[in-house]
Amino acid sequence: MADDYPRTLTFSSSYNFRDIGGYAGLDDRTVRWRRLFRADSLHRLRGDDLAAFSRLGVRTVIDLRRVFEVERHGRVPEAEGLAYHNLVIEHVDWETVAPSLPHERWLADRYLNFAADGRAGLAAALGLIADADAAPAVVHCMAGKDRTGVVCALTLSLLGVSDADIAEDYALTEAAMASLTDYLMASRPEMVQDKYHMFDCPQDAMLLFLSDLRDQHGSVEKYVREIGISAEQIAALRDHLLTPG
């Protein structure tokens, strides 16, 4: 991994904002920096944080949260030249699914549910990410861990990034969760209490998800083709998110 830019960007009101560039991809090419970011919810950006966000030149925000989450918490502040898309990933309500051990298996099953029930949202998100004119883009959900993690995993896999690197990128959220849970405990404790299992980021959960997705669909590329991403979109995604060959 070429560390040309800091992977983690520091904001006082966003706890899990990262660049997914720098990973080794297809044909000895590298994922480009400053083209695609992943984050927790951006509704808290104000003042200096909002100014720092604006300097990144982000053109597109892909918000994966459900409508009630956006209505309850708000969205990224409007700005000239910033396109906002609320692309919901439908899924079974996690609170209706009892946690099980091993926890990695429970999380992987939740991600497989995203892939099954959230096909429309995933396809729309990947379609935007494939559009060079939409970049730089940031994709986010509430914590930037699960829905965001799956979209980024699919994107990185299409770019030829290894499962090991994808799982490592996913697990980087673990460090951010401490600050985020501290904030939530002070502001909205009901979002954290008795839900600590939802804030874990074991690498094996992502590895299981990617392996199972391939077992079910043949490959990540075959899966995204099934949900409506064209060969041309995949080629466009690789063209603008990978360094020149």
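Data for the structure
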item	result
Residue list for segment 53-68, restricted to those being open to solvent by less than 30 Å² (accessible area, probe 1.4 Å) and either modelled with pLDDT under 95 or among the aliphatic types (A, V, I, L, M) (or both)	V58, V61, I62, L64
Selection count, segment 227-238, where residues are open to solvent by 40 Å² or more (accessible area, probe 1.4 Å), in contact (Cβ under 8 Å) with a residue 60 or more places away in the chain and not small (G, A, S)	2
Any hit, segment 10-24, residues being in contact with an Asp or Glu (Cβ under 7 Å, 6 or more places away or on another chain), at pLDDT 95 or above, open to solvent by 50 Å² or more (accessible area, probe 1.4 Å) and closer than 19 Å to L128 by Cβ	no
Boolean, D165 is among the charged types (D, E, K, R), at pLDDT 95 or above and over 24 Å from S13 (Cα atoms)	yes
Number of positions in segment 25-49 that are open to solvent by 20 Å² or more (accessible area, probe 1.4 Å) and aromatic (F, W, Y)	1
Of all residues in segment 140-168 being outside any loop (DSSP other than H, G, I, E, B) and among the small types (G, A, S), the one that is nearest to I234 (Cα to Cα)	S157
When residues of segment 169-205 are limited to those that are touching a strand residue (DSSP E or B) at 6+ places or on another chain (Cβ under 9 Å), among the aliphatic types (A, V, I, L, M) and not in a loop (DSSP other than H, G, I, E, B), the one modelled with the lowest pLDDT	A176
Candidate set: segment 219-245, residues that are closer than 11 Å to L158 by Cα and not in a helix (DSSP H, G or I); chosen: the one nearest to the chain's Cα centre (by Cα)	L242
Filter result (under 14 Å from the mean Cα position of the chain (by Cα) and either under 17 Å from S219 (Cβ atoms) or of a type in the set (D, E) (or both)) within segment 159-173	I166, E168, D169
When residues of segment 73-105 are limited to those that are surrounded by 12 or more Cβ atoms within 10 Å (Cβ to Cβ) and of a type in the set (D, E, K, R), the one farthest from F209 (Cα to Cα)	R75
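The values are calculated or read from the model by the stated rules, or taken from the named source; none is laboratory data. Because the structure is predicted, anything quoted here is derived from the model rather than measured. Methodologically, a virtual Cβ is constructed for each residue, glycine included, from the backbone with ideal geometry; neighbour enumeration extends over all protein chains shown. Side chains included, ligands, DNA and RNA excluded: accessible areas come from the protein's heavy atoms. Shrake-Rupley method; radii C 1.70, N 1.55, O 1.52, S 1.80 Å.
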